[in-house]
Every structure is written in structure tokens, then in C-alpha cells.
Amino acid sequence: MIHPEQHYLDIFQVDIPRMDALIAEALRQGGDYADLYFENTTYGNLVLRDGAVTSGGRHIDFGVGVRVLNGEKTGYAYSESTAREDMMACARAASAIADGTSAFYEHSVPATANGSRLVGRRFRGAPNPAADRYPVSIHWRTTESSVLIPYLQKLESEIRARDTRVVKVIGVISWQVTDILMYNSLKECKYETRPMGAFSATVIFQQGGKVENKTVSRSFRAGVEMLSDQVVEEMAAQAVKGIDERFDARRPKGGQMPVVMGAGASGILLHEAMGHAFEADFNRKGTSIFSDKMGQQVCPKGIQIIDDGTLKGNRGALNFDDEGVPGQKTYMVEDGILTSYLHDRISARHYGVSPTGNGRRESFRYAPIPRMRATYMESGDAAPADIIASVPQGIYVDEFSNGQVKIGEGDFTFFVKSGFLIENGRLTAPVKDINIIGNGPEALRDVLAVGNDLAIDPGTWTCGKEQSVPVSCGIPTVLIKNLTVGGE
Amino acid sequence: MLSEKEIALARETLEFALENGAQKARITLNKSLMELFGILNGELDKVSHALDRSLQVSLWVDGRFGSFSSNRLEEEGLRQFILGAIDTVRSLEPDEARDLPDPERLVKNAENGRELDLYDNAYETLTSDQRRALALGTSVWDRKAELEKGFRILSEEGEYSDSIFDSVVMDSNGLFARHTETSFEIGYEVTVEDGEGNRYASYWWDATPRLEAILPSLKTCCEKAVQRAAAQIGPMDHPGGKCNIVVDSECASKFLTPVLNALGGFAIQQKNSFLVDKAGQRVFSPHLTVMDRPWNKGESGSRLYDSEGVATREFPIIDQGVPTRYFINTYISHKTGLEPTIEDATRPVVLPYGGCKTRDDVLRKVGNGILITGFNGGNSNTSTGDFSYGIEGFAFEDGVITHPVREMLVTGNFIDLWNNLTDVADDARLCLSKLIPTLAFQNIDCNG
């Protein structure tokens, strides 16, 4: 959603000359770039618990962040007031990074040092900065709670109607609307309003003495129109799906074995185990296991891995990133070759490439760093059923609940919330509450098959690298030759 | 740090809410200031200045409840915000269980915020130049050659920061309480590379409310991170199976936190806890006793009151394997009929058992097994208590570390795990919010 420029200048009670004066103050001691990030966020939430919507609230967060770059060094300060004297104090605090020096732009790494494919990735895909990727027809800020509450009530009744083992339902509608104004020492002024809605249910089931839980959610950069009876029906059906298997599930015998990732939410593995290692700050600092792999074959030919800010209404969609760079579709791996890291302005300058629109921040309280948006692998040509049929003995995973990666080593661990044993090419006994561990680069090299069924998961994914930002993930059905599965 | 004017604004906001439709209200006003200096490979890489304020408002209107917050503290704007908040609460469904705590339970001795000795005057006199010097003095980059023994240090990234946090809470039942603390912190992450190009990363950190107390760690933190990273070089497979495990005090909270969470009243009321109906029963090993000790002066994590303003107290959370009670706030108490307590464990302390003082003592006593020094991913099931975590650590034999292990998992159920507790050392790190020493367990499933 993009209003006229004056709308944003009025919210923050600034004008271009005043922002120029702030930039000048920020650069007074030196430095070669400065920017301002104004934010006005309203959050709201409603909670259904024990059959009634008895809890809710609204929250306001307002302020401005001032950043000074001196070479690759960062000075950052913020103010919760946009009064002139408060912002000036903030600019002076950020200017401390320069300390009388100026480090003008130099490429730390020649543009083609790691292969000719390093450049030429500029704005591939859909870079159109004029696109509004999250138009809103019903606004969160002006919608009464009485309009939202029936969706929570219906979700609970639909879930309970589908399964008599349901003992508790906690339903939540949460939303956030953020007005953003960005201005920098290049005199670029960008502004927009970002919506975000999330609708979720956590369901507790009881069968005999056993208890199980399941959470389902939908989250989009959209207005209230994201709520509908159809969404309620879909979520209710998803909430009770697979509960029989979950009560019957057990831990399998552990060991090394082939693993098939189901399409959709399994994409979190791609986000954690590979995506983070492709973020350019980890590579610039030499900590990522991929820092010397640019231009090299990192997985079998035919595989494309993408980070995409252009998916309309997606949780990771961005018209602009938080440095004012247009949102883009960035191919990190093309035909199995690592062709691009994910860049903010600092790392792009270091590598001598264009920023990829990945400079993101949680709020005005944080300086931007390279972050993913919607990360996924493109579809291959295998039928999912054929992939499963090709595995004599292994594990099929359709839901992970947690994951972690060690960026330097590439080692990852993921908790399997639900899945199945694969025996003689067929899904057999359900499994749960086990871990899968492996190494990111090795797992990429060991991809044996990619399905033709890419799905982007619609759930509420939040990435927590130093700061929390909304993301999404996806993957087609993928077979990995060998991973370690924890079990009895 | 909070000015009298800011505190007066909070009082006026409380009164305004009561005059305009709220029958009860609680206001919490927080303010914090942090200065941070980041170091990358021996050079200053980042400076950051962060001043935050937030006003949190809980409102009870016509039998309904809502919670709100804003960092825009201009008087007129706040009044409009409160009027809008009251309208929002009126749109919710009534909930008789919502109420303020009984005034008898409220804290009475948190008047100036400094009763627990968590505030260091040295914070006020530190200059920006002094902070910068402290931060730059923590790097080992200019002497890395002498530390590189069979490996290369690829990068060091550290942060020195100090902060002050000041908070007051007041309600329409007459509560007024204040908590003030300073914090001085250092943290480093280091990546090293062995002769074959394999990379290993690790970290170390420390935090304390007193400047003087952090000074020794400023000198040793980065080197300790280097040592921890280098110690991982040359990992080997381990056959796994049923193993003795020793869990380093740095990461032992991974096993206790889910147990404390399972004692939370909300999880119990929602039946999403593996400890439903277990209070008062012997569930864990009799070797396990966890005390809540919230009043230790000068130690991070100490608090005189919880977010409702209810006074904390010292009591056994788990007494010789028996969870003594659930954590029941006012709302959950009214929902369940259970006696209210503080809302959560404040500063849990696991008491030593078995006679060992240090991690090395425990390794010698246990003999053979796996020493866990960190966790990498994994999760637990809050309903069943089943868990599976990726682990980092070392194999040890005859009480001596032999080699790092790789790609290992520890899997089990928390009730079984804590029934297999054999030893608790006496080496908890004071910088952590939960004081958990090195732990030893027997007969635990480990997969490699």
C-alpha cells in the first residue's frame, strides 16, 4: 500500500530540508553514507481461549533510526521522537563511527574475483519498484473488533465439529500495519505502508491418557480481506488432519538413511541450512561455509534456489527493502551453481555487485542486515509418488517444527513434528518427535530427486537472526540421499 | 533514570483511565538506555546508541480486559490512546476471571528500585571514549598468531555493551513498585579453520550488573571463544547407544527450562503440559531439588516482584523430585481455583548433589560418556515431554576428554531423563538467569 509522499512526511512531521539537515549532521564527522528510517507501527491482536474472545489489545511503536556508514563500519542510533533536537542528538550519536575519518567507496572484492557469474545477476526477475505487492482493500487499523471476532468463533466451532478429541482451542488474530519513510544521503526518498495479518489456532487433543497438540496458521501481507469462510474451513481441516497418525506415531530406529522432504513447509530446511549461509554478511566476514564457493557447483545440475520479495501478498514480499532498495527475485543457485549471495548495501559494496533488496530490519531500533524473504527451490520434473517409491528404507517428513544451523560448519538439526517411515517404497508407520541432522553443503550435493510440486507454505514464519523479520519458505518434494535420523 | 515527570505521567494516565470508563487499571513504565561497541577482526565495526521507553496499560472495563502499549508519551496523544483502548476493551467478551491481584500479595519493599543492589553508579561516569577503549581492549586479533596452534583464526566478532533499565509498575489497588538495574556485557564469536579447510565456530560471553565484575571477562572472553572453537577440530563419529551424558553448566538450561514451562499455570489450564496433575507427586529423581531464590543481592535475574506486582519469595520449586506447585497468576487462579503464586520462576537454582564441585570432578566420577557443551536445534513436545536435540560436545573416557563428536542427537522424555540424574556439580554461571550447574545423567539415548 503506497500513499502520496506528503502522507508520510505529515506522519513523521518532517520535510526534505529537515531530513537533509539530519543527514548532514550524521555525516559531520565523516563517513560516506547515511540514511534515515522512520517507522509508525500499529499492532493489534485478539485471542480466543476457552470458547470466548476475552483478550485483546493494541500497541503503537514510533521512531526514527539514523545510520552512518564509514566504509563497512556502522554507526546507529534511534529516537522515539521526531522532534528536531531529539533526531539531531541521534544523528550525532550515529556519527561516532566516523570519528573524523571518511572511507570512500572501494570494492573490497573485484566484481569478477569469484567467477564471471557474480555480476549479471542484477535485477533478474521482477524488480519493478513501482509494483504494489500488498494492496489492501479492508484496513486493519479502522476495522472494529466486532468484525474480526466471528472468524475466531467460527474457526473454533469448525475444529471442534471435526474431531471429538479436541479439548482446547486457542485462536489468535494478530495484525500489524507499518508506515515507513526512508531517506538517504543519495537523496533517495522511499515510502510505503506495509500490512501483515496472521490467523492461527493451537489445538489440544486428548485420547485416553495421551495428549497431542497441533498449530495451524495463515499469514499474508494483506488487509482484513485475508480472512474468509474458505480460509476458516481450510484451517479447520488442516488442524485435525493427521491426528490419528500422531497418536499412533512412534520414534523409529535411528541411523543414517534417505530422507524425503514433503512439499511446502519442509522448505524451512532450505531456509535454515542453506539460505542463512548464503546471506552475504556471513560470507563477507568469512564465517559462512559458502564464503569461498561463489561460482562453484554446490548441488546437482537443474536445481534453482531462490529468495523472492516479489510474491504478491506473501509474508516475505517487499516493494522496497529497509534500505530503500527495490524488492527483487534473487537466484542464489542456478543450475546447481552458486551465483549470488543475499546482499544489503554494505555487502553489495564489499562484493562490487548491486544490492539484492535483502537489507531488512525488525524495526527502527535495528540497523538493516542481509535477511531472506520468501526462500524456495523451483520445481523439478519428478512425480512425488515416484520419489517415495524409489526409497527402499527411509523417512518421509511433512512437518518440521524447529531447526537450527551452524553457519561456519554448515551443520543443521531439525525436529520432525510428523512424518512416516518409508518401507519398500511405501509410506507405512507414522513417526514423530525425532531429529534429522546433517550438513548443508553435503545435503545439497546429495539431492537425488526434485519433485514437480513446489508449494510455498502459507504459515506464520518468522526468522530470528539477531532480529525478527517475517519470511516464508517453500520446497517441492525432495529426496536427499543420506541424513542422520535420531530415534530409539 | 526515569524522571519524576515521566513517573507523574504514568500516574496521570492511570487516573485518566479510571476517570473515563475503566474500573481497574495497571500501568507499567519502562525505560532503558544501551551503548554498544562492536568489534570485527580487531577494529571498531559498529557503534549503537539505544534509548527506549514504553508505557504498558492493562484495563478492566465492564467485566472485560485488554492490554495495550505505546512509546508515544506525549500527554494529549496518550489520552486519545487510552480512550481508544477503553473502546476496544468494550468490544471484547466479558471474562470474570480477569482481575488485579489481591493487595495482600503485592510487593511492599520495592520503593526505590535499588533494594537488590543491581545498580552500579559507575554506569553514570563512563564516557564514550572509555567504552570504546574497553571494547577495543577485548580483541585478540593483533596477537592471533600466538594463539593459532594448528589452526587459523578466520574471524572474530565481538560486542561490548552496557545498559541501564528502569521500570515502575502501579495499579488502581495502590501498587507502586520500582526495579532498576545496570548491566555490563561482553560476547565474542570466533571462526577457526583447520589445516584441511574445515571451519569451526564457537562463542563465549559474560554479563554482570557491575562494571568492576566484568573487567576480567573483557580480557579473557575472546580467547575463550577461540579455545572453544579450536577444541572442536577433528570431530569423530561416536557409536551412540545408551550413554552417560554430562551437560556443561553453560547449556544445562536446555533440559530444565521445558520442565519449568510445564509447571506454568497457562500450560496446565490448557492441558498442554506433561506435568498436568503431577504437582505434589514424586515425578523426578530425589536428587533433583530446584529452589527459587529471587532475592540474592547483586546477582542478575533477582527480582522483588513479578509483572503483576506480586511479591516474589524463596521456595522449593521441585523438592527432592517432587514439583511442589504450579505457577498460577491471578487469571489462572480464578480459572482453575488453584491458589495463586508468582506467575513464573524468577531465579531458579538447582542444588548440588553427589559431592562434585566442578565439571572435571563430574567427568572423573562418571568415567565414560559424552560431554555436551552446546545444542544445535531440536525441540520438545510440550504435551508429552518427548525431546530430541542435536548436540555438540566430546567423548570422554576414564574421566578425560578424548575427541569432539559430530552429528549426534540426544533423544528421550524429560520425566525419564530427570529420573536418570546422577550428579549435580556446584559450578553454575552467575550471568545466567537460571543457576544450573554441570549435570550428569545415565542411560540416555544418543544417536550418531
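Readers should treat all values here as calculations from the given coordinates under stated rules, not as data from a laboratory. Keep in mind the model is a prediction, meaning the values are calculated, not measured. In this analysis, Cβ positions are derived from the backbone assuming ideal geometry, glycine residues included, and neighbour counts consider all displayed protein chains.
Here are the numbers for this structure:
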| read-out | value |
| --- | --- |
| Alpha-carbon centroid distance for the pair the range B:367-383 / the range A:290-310, whole angstrom | 32 Å |
| For B:86-94, mean number of other protein chain Cβ atoms within 10 Å | 5 |
| Cβ neighbours within 10 Å from other chains - mean over B:246-252 | 0 |
| Rg in Å to one decimal, and Dmax rounded to a whole Å, for the protein assembly as shown via C-alpha atoms | 27.3, 74 |
| Distance histogram for the range B:241-447 (every C-alpha pair counted, 10 angstrom bins, percent rounded to whole numbers) | 9, 34, 35, 17, 4, 0 |
| Nearest-ten-degree value, helix B:75-90 long axis tilted from longest Cα axis of chain B | 90 degrees |
| Range of Cα positions in the range A:1-101 per principal axis (Å), largest first | 62, 29, 24 |
| Entries in A:210/A:241; A:168/A:214; B:31/B:219; A:241/A:481; A:465/B:46 that, when Cα-Cα distance is taken, lie over 19 Å | B:31/B:219; A:241/A:481 |
| Helix A:229-240 axis, angle to chain A major axis (alpha carbon atoms, nearest 10°) | 50 degrees |
| Exposure rule at most 15 other beta-carbon atoms within 10 Å, DSSP loop chymotrypsin sites (Phe, Trp or Tyr not before Pro): chain A longest free segment | A:124-488 |
| Helical mean residue ellipticity (222 nm; -39500 (n - 2.57) per DSSP H run of 4+; nearest 500) of the protein assembly as shown | -6000 deg cm²/dmol |
| Average other protein chain Cβ within 10 Å of Cβ, residues B:388-401 | 3 |
| Formal net charge of residues neighbouring residue B:444 (Cβ-Cβ distance under 9 Å; K, R +1; D, E -1) | -1 |
| Computed over chain B, Kirkwood Rh from alpha-carbon pairs, angstrom | 24.4 Å |
| Kirkwood-Stokes translational diffusion coefficient of the range A:265-419, alpha-carbon pairs, 37 °C, 0.692 mPa s, µm²/s | 199 µm²/s |
| Alpha carbon Rg of the range B:4-230, scaled by the compact-globule rule 2.2 N^0.38 Å | 1.38 |
| In the range B:244-289, trypsin sites (Lys or Arg not before Pro) in a DSSP loop with at most 15 other beta-carbon atoms within 10 Å | B:282 |
| Chain A: angle of helix A:16-26 to the longest principal axis, Cα-based, in degrees nearest 10 | 90 degrees |
| For chain B, built as a Gaussian network whose Cα springs stay under 10 Å, the top-fluctuating residue of B:307, B:333, B:183 | B:307 |
| P(r) histogram, all alpha-carbon pairs of the range A:161-280 included - 5 Å bins from 0, percent | 2, 8, 12, 13, 14, 16, 13, 9, 5, 4, 3, 2, 0, 0 |
| Dipole moment magnitude, nearest 20 debye, the range B:4-230 about Cα centre, only Lys, Arg, Asp, Glu C-beta charged | 140 debye |
| Estimated translational D of chain A in µm²/s (Stokes, Kirkwood radius over Cα pairs; 25 °C; 0.890 mPa s) | 103 µm²/s |
| Whole-Å distance, taken between Cα centres, linking the range B:407-448 and the range B:166-183 | 36 Å |
